[in-house]
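Worksheet: the structure to be examined is printed underneath.
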Amino acid sequence: MKKMFKTLMMAFVAIAAIGVTGCSKDDDTSSTSNPTPTNNTIDLKGTSWVGVYNDTYQNYPAVLTWSLDFTSDTEGELLFELTVAGQQQGNYDVPFTWTFDGTNGTMNAGQMGASQFTYDAATNTIKMMMMVEVEGDGAQLGGMTTFYPRGSQPTPPDNPDQPTYSDSTSVQPGEVTDLFPANTQWVATEETVYPAGEMGDLPMTLTYNLVFRNNHTGFIQIGVTVLGQSSDPQYVWYNWEFDNAANTGNFIVQNAPLPFTYDPSANTITTEFNFNVSGSGQGVGGTLTFTPVEADNAVLSHMPLKVKLK
């Protein structure tokens, strides 16, 4: 039953964040080779990729480096390295399983969650949301990361996937604000059914926790409960912008705007959020109305990887 619930979470249209735990490993590339696409297709088995994301931590430059190795038809290894102010921090290593249809794939790190990724044959790159949290202060680092074949990534690396914001707000990712809706959390629920074949249609509850951080980043945490059993939550990460005069804004997901509206009289946020449940093609979501979350019930822990800084 638990396996079925985890399957439900594998087909969100937006990218889910992945967290890792583990220990360091040597940078060994002997068992892998650089990928070469042929006729817009690629076999990821035996290929190695590197993604670098430039960020800041307490006004110091922070460089996140992810090494991605597809070691077999279904398994791989992910190594995370972090440098802050030029000082090397700890390394984290995790095994994962993966699937790939030639364009879209899923990397599953077990209980630490699954992330969707996309392959672009034109640029021979992989794109995936990669985030970590600093232990002790809750600061988040990372974002949408572009992976290049090992040895071919740009130097110095750029962040080509930073969202483009409207001219009216001119908000940049990482810009800190105290204006609404920064530092607020919201919740919406949906009652539906999951078509389980011979078991029939099972009652299913989806819980959406919406978090606005004060640096114009945030996430929607999505939980599924069927017959009293809950799956591991999944995450859709975004940057956000908001026009306080018009009470309208956008979630920026994979460079695409997803509009939302705030109703000050009802103190609610409304958006249109749709995706399909894996294995059934069933559409869920739709128009969601979020209400405020009390501080005692806030989503405080949401990143599997908590990195320690020296």
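The values are calculated or read from the model by the stated rules, or taken from the named source; none is laboratory data. What you see is a predicted model, and the numbers here were worked out from it, not measured in a lab. Glycine also receives a Cβ, built like all others from the backbone with ideal geometry; neighbour counts cover every protein chain displayed. Accessible surface is based on the protein model in full, side chains and every heavy atom, while ligands, DNA and RNA are left aside. Shrake-Rupley method; radii C 1.70, N 1.55, O 1.52, S 1.80 Å.
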Review point. Is segment 102-114 home to any residue that is part of a strand (DSSP E or B), within 19 Å of residue 129 (Cβ to Cβ) and modelled with pLDDT of 90 or more?
Key: no
Exercise for review: Looking at (1) under 30 Å from residue 177 (Cβ atoms); (2) of a type in the set (S, T, N, Q); (3) surrounded by fewer than 21 Cβ atoms within 10 Å (Cβ to Cβ), find the lone condition where residue 205 falls short.
Suggested key: (1)
Exercise for review: With the condition kept exactly as written, say whether any residue in segment 277-300 is of a type in the set (Gly, Ala, Ser), assigned to a strand (DSSP E or B), at pLDDT 90 or above and touching a strand residue (DSSP E or B) at 6+ places or on another chain (Cβ under 8 Å).
Suggested key: no
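Among the residues of segment 45-74, what is the count of those that are closer than 17 Å to residue 128 by Cα and among the charged types (D, E, K, R)? Before the answer, list the steps.
Just the residues of segment 45-74 that are closer than 17 Å to residue 128 by Cα, to begin with: 47-55, 63-70.
Now restrict to residues that are among the charged types (D, E, K, R): 55, 69.
Residues meeting the conditions: 2.
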Point to revise | Identity of the residue in segment 17-42, surrounded by 17 or more Cβ atoms within 10 Å (Cβ to Cβ) and out of contact with any strand residue (DSSP E or B) (no Cβ under 6 Å at 6 or more places or on another chain), that ends up modelled with the highest pLDDT | key: 42
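For residue 179, state whether it is in a loop (DSSP other than H, G, I, E, B) and farther than 14 Å from residue 260 by Cβ. Quick ask: steps written out before the conclusion?
Working: in a loop (DSSP other than H, G, I, E, B): yes; farther than 14 Å from residue 260 by Cβ: yes.
Criteria met by residue 179.
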Check your understanding: List pairs: first in segment 234-252 and among the aliphatic types (A, V, I, L, M), second at pLDDT below 90 and not in a strand (DSSP E or B), Cβ under 6 Å, 6+ apart or cross-chain?
Key -> 236/14; 252/163
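Table: residues versus (1) surrounded by 15 or more Cβ atoms within 10 Å (Cβ to Cβ); (2) over 19 Å from the mean Cα position of the chain (by Cα); (3) modelled with pLDDT of 55 or more; (4) hydrophobic (A, V, I, L, M, F, W, C).
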site	(1), (2), (3), (4)
149	yes, yes, yes, no
154	no, yes, yes, no
160	no, no, no, no
163	yes, no, no, no
166	no, yes, no, no
171	yes, yes, no, yes
180	no, yes, yes, yes
188	yes, yes, yes, yes
**Study point:** For residue 106: the one exception among (1) open to solvent by less than 30 Å² (accessible area, probe 1.4 Å); (2) more than 21 Å from residue 217 (Cα to Cα); (3) in contact with a Gly (Cβ under 9 Å, 6 or more places away or on another chain)
**Key:** (3)
Review point. Given the conditions (1) out of contact with any Pro (no Cβ under 7 Å at 6 or more places or on another chain); (2) within 20 Å of residue 272 (Cβ to Cβ); (3) not in a loop (DSSP other than H, G, I, E, B), and given that residue 246 satisfies all but one, which numbered condition is not satisfied?
Key: (3)
Point to revise | Members of segment 43-70 found to be within 20 Å of residue 153 (Cα to Cα), open to solvent by 10 Å² or more (accessible area, probe 1.4 Å) and not in a strand (DSSP E or B), listed by number | key: 43, 45, 46
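Return yes or no: is residue 97 in contact with a Ser or Thr (Cβ under 7 Å, 6 or more places away or on another chain) and crowded, with 17+ Cβ neighbours inside 10 Å?
On the way: in contact with a Ser or Thr (Cβ under 7 Å, 6 or more places away or on another chain): yes; crowded, with 17+ Cβ neighbours inside 10 Å: no.
Against the criterion (in contact with a Ser or Thr (Cβ under 7 Å, 6 or more places away or on another chain) and crowded, with 17+ Cβ neighbours inside 10 Å), residue 97 does not qualify.
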